[in-house]
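Novice: Please find one structure pasted underneath; my questions will follow.
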Amino acid sequence: MAKTTFNGPVRSQNGFQSVTVSKTTGAVTIDASFGTTTSVTNLSFTSQTHPTTAAINATATATAAQVITGYITSTSAAATTITLPTGTLLGAALGAAKGTVMDLYIDNTAGASTVTIAVAVNGILSTAAVDTPGSFGDLTVASGVTGLARFTIMFSSATAYVFTRTA
């Protein structure tokens, strides 16, 4: 079958399926089914690249545009606190709804002092972050070769998020 490229939304009343057809037997295997119930059987993750990054090199409140790049660098020689935008601003920039999830990477490998992340209005630390402050709740990012951290932002509504360190 030929490839088809669409410009605009593709709609179906009966869902969509991604399939693989065996070259030897012709057997059809459903890899993913998208409809009222979505299922994926052969799920693989590829590396994430961030074509756009943001630099925050002094204590500041990050803009929603900086956060949605997914990757913030800091090269500050002084201790730096990066406060995340409010849930309303970040949610609007992402077009977030309940269940929207994004990862935020903080890269302080070129910095000379720690970076601390703070949440703003409508941003709360997850239960894991509160219960285990030394890991999931560790909001500081060391400088130097170990100065990388991944945080997950999960929206509980279009204007409120839960924040957790995940690596």
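The values are calculated or read from the model by the stated rules, or taken from the named source; none is laboratory data. From a predicted model like this one, the values you see are computed outputs, not experimental measurements. Cβ coordinates were reconstructed from backbone atoms using ideal geometry, including for glycine residues, and neighbour counts include every protein chain displayed.
Novice: Could you figure out which of (1) at pLDDT below 75; (2) part of a loop (DSSP other than H, G, I, E, B) isn't true of Thr52?
Specialist: (1)
Novice: Among residues belonging to region 81-94 that are modelled with pLDDT of 95 or more and under 13 Å from the mean Cα position of the chain (by Cα), point out the one that is surrounded by the most Cβ atoms within 10 Å (Cβ to Cβ).
Specialist: My answer is Leu90.
Novice: Additional query: Could you list, in sequence order, all residues of region 90-108 that are touching a helix residue (DSSP H, G or I) at 6+ places or on another chain (Cβ under 6 Å) and over 15 Å from Phe163 (Cα atoms)?
Specialist: Ala93
Novice: In region 100-120, is there at least one residue being in contact (Cβ under 8 Å) with a residue 24 or more places away in the chain, buried (at least 16 other Cβ atoms within 10 Å of the Cβ), outside any helix (DSSP H, G or I) and among the acidic types (Asp, Glu)?
Specialist: Yes; the residues of region 100-120 include at least one that is in contact (Cβ under 8 Å) with a residue 24 or more places away in the chain, buried (at least 16 other Cβ atoms within 10 Å of the Cβ), outside any helix (DSSP H, G or I) and among the acidic types (Asp, Glu).
Novice: Next question, about the same structure. Only one of these is surrounded by 13 or more Cβ atoms within 10 Å (Cβ to Cβ) and either over 30 Å from Asp138 (Cβ atoms) or at pLDDT 85 or above (or both): Ala60, Ala78, Ala97, Ala32. Name it. Walk me through how you get there before you give the answer.
Specialist: Values: Ala60 fails: surrounded by 13 or more Cβ atoms within 10 Å (Cβ to Cβ); Ala78 fails: surrounded by 13 or more Cβ atoms within 10 Å (Cβ to Cβ); Ala97 fails: surrounded by 13 or more Cβ atoms within 10 Å (Cβ to Cβ).
Answer to the selection: Ala32.
Novice: Read through the list (1) among the polar types (S, T, N, Q); (2) surrounded by 20 or more Cβ atoms within 10 Å (Cβ to Cβ); (3) over 16 Å from Ile56 (Cα atoms), then give the number of the only condition that Thr146 fails.
Specialist: Among (1) among the polar types (S, T, N, Q); (2) surrounded by 20 or more Cβ atoms within 10 Å (Cβ to Cβ); (3) over 16 Å from Ile56 (Cα atoms), Thr146 violates only (2).
Novice: Which residues, counting only those in region 121-147, are over 18 Å from Tyr71 (Cα atoms), hydrophobic (A, V, I, L, M, F, W, C) and not in a strand (DSSP E or B)?
Specialist: Of everything in region 121-147, those that are over 18 Å from Tyr71 (Cα atoms), hydrophobic (A, V, I, L, M, F, W, C) and not in a strand (DSSP E or B) turn out to be Val121, Ala128, Ala129, Val130, Phe136.
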